[in-house]
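K.L.:
Pasting in a structure now, in structure tokens, and then I'll have a few things to ask.
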Amino acid sequence: LTSQPSFHLPDYLPDRREIINTELNDFLRTSNHDRRIVEAMRYALMGSGKRLRPILCIAAAEAAGGNYKDVLPAACALEMIHTYSLIHDDLPAMDNDRLRRGKPTCHLAFGEATAILAGDALLTMAFEILATPDDYSSDHSPDPRVRLQVIRIIARAAGYCGMVEGQMRDILSEGRPLFLDELKSLYALKTGALIIAAIETGAQLTGCDSKKIVALKEYADYIGLAFQVADDILNVEGDPDRMGKAVGTDAVRKKNTYPALLGLDASKTLAGELVGSALAVLESFDHRAAPLRAIARYIVERKR
Ligand code: IPE
Ligand code: IPE
Ligand code: MG
Ligand code: MG
């Protein structure tokens, strides 16, 4: 047996978060200072987010043999899209939530109109970043065709065939019990699509071969569902102070969730099985997939 470099997720996550946060800050700084819209964008973006999607993008790039620098702008763009979705998800017309990332939701802090616009601005800024060639990693700057492909992948995942459709189904099914397979496909759209896109983006931008990309997307599919099941479980038994958002809200709103349909214990068992399946898909990958392996476990063990 060859010994492999040891990997420690409790070091990796904060390290990658800091890299991402610095880059996100820079993006907002260069695009203007004290205008109200930028303040609202920064308020929502720079909270205590876990940065899971950009970290997955980076970890997929690393598993494919690349470097985080090759995908950092794209990773930030994914976090902007995710943050826009949270701002809009919290609006009174949607989930009507008051706490996000440990602070009052964007619409409570800035008013609904500004919150809607901040979401719009983060979404569009993400695509501006994705379409901008990066100068600092020019040796790795991807072929414009790859860049276009990534833009299409992310647009589809975020839009009316992906996350937006998932949100639509989520709203339409409030108070109307779904079958388990309907909830599974709702979650694949609402949460899974952007997570798969994050991982595919990391792989595509580092020139990963198509066989490996298929495996990485399968991994992403499993952990995407596991992530949303864990979110449902935390909504039942999580600590709101640690999570930075309210708990118990799904039951109040008669949301379709895994605990509501399956019960808590079966939901936890399922989450564990999904992680097992995700890890099995990565068996052919070497030690460079250590972050992806550890993140899969973290997704269901997390307390926030
Ligand atoms: C919350 O996402 C919304 C879901 C899709 C479950 P996260 O749990 O990743 O939220 P942040 O980014 O850490 O705030
Ligand atoms: C949010 O889902 C998913 C998106 C924003 C696409 P939820 O409504 O279930 O997540 P939380 O619990 O508000 O974070
Ligand atoms: Mg919602
Ligand atoms: Mg919500």
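The values are calculated or read from the model by the stated rules, or taken from the named source; none is laboratory data. On a predicted model such as this, the values are computed, not experimentally measured, just so you know. Cβ: placed from backbone, ideal geometry, glycine included. Neighbour counts: every protein chain shown. We work out accessible area using only protein heavy atoms, side chains counted, and drop any ligands, DNA or RNA first. Shrake-Rupley method; radii C 1.70, N 1.55, O 1.52, S 1.80 Å.
K.L.:
Does the range 50-108 hold any residues that are part of a strand (DSSP E or B) and either crowded, with 21+ Cβ neighbours inside 10 Å or touching a residue at least 60 places away in the same chain (Cβ under 8 Å) (or both), and which are they?
P.N.:
Within the range 50-108, Leu99, Arg100, Lys103 qualify.
K.L.:
Restricting the search to the range 216-245, which residues are within 10 Å of ligand 2 (Cβ to nearest atom) and closer than 15 Å to Lys50 by Cα?
P.N.:
Answer for the range 216-245, where residues must be within 10 Å of ligand 2 (Cβ to nearest atom) and closer than 15 Å to Lys50 by Cα: Gln228, Asp231, Leu234, Met243, Gly244, Lys245.
K.L.:
Report, ordered by the first and then the second residue, all pairs with beta carbons closer than 9 Å, sequence separation of six or more or different chains, a first member in the range 1-18 that is among the hydroxyl-bearing types (Ser, Thr, Tyr), and a second member that is at pLDDT 95 or above and open to solvent by less than 90 Å² (accessible area, probe 1.4 Å).
P.N.:
Correct list of pairs: Ser6/Ala290; Tyr12/Ile55; Tyr12/Ala59; Tyr12/Ala290; Tyr12/Pro291; Tyr12/Ala294; Tyr12/Ile295.
K.L.:
Go through (1) open to solvent by 30 Å² or more (accessible area, probe 1.4 Å); (2) under 20 Å from Ile171 (Cα atoms) for Val229 and report which single condition fails.
P.N.:
Every listed condition holds for Val229 apart from (1).
K.L.:
Restricting the first residue to the range 35-49 and requiring it to be part of a helix (DSSP H, G or I), which pairs with a second residue that is open to solvent by less than 60 Å² (accessible area, probe 1.4 Å) and of a type in the set (Val, Ile, Thr) meet a Cβ separation below 6 Å and a spacing of at least six or different chains?
P.N.:
These pairs meet every condition: Ala40/Thr114; Ala44/Thr83; Ala44/Ile87; Leu45/Thr83.
K.L.:
Right, another one. For the range 232-279, which residues satisfy the criterion of being touching a Leu at 6+ places or on another chain (Cβ under 6 Å) and either farther than 26 Å from Pro92 by Cβ or free of Cβ contacts under 8 Å to residues at least 12 places away in the same chain (or both)?
P.N.:
Those that are touching a Leu at 6+ places or on another chain (Cβ under 6 Å) and either farther than 26 Å from Pro92 by Cβ or free of Cβ contacts under 8 Å to residues at least 12 places away in the same chain (or both): Leu261, Leu274.
K.L.:
Here's a follow-up. Hey, among Thr201, Thr191, which residue is of a type in the set (S, T, N, Q), within 16 Å of ligand 4 (Cβ to nearest atom) and either surrounded by fewer than 23 Cβ atoms within 10 Å (Cβ to Cβ) or in a helix (DSSP H, G or I) (or both)?
P.N.:
From the options Thr201, Thr191, the qualifying one is Thr191.
K.L.:
Can you find a residue in the range 91-101 that is within 16 Å of ligand 3 (Cβ to nearest atom) and touching a Leu at 6+ places or on another chain (Cβ under 7 Å)?
P.N.:
Yes, the range 91-101 has at least one match.
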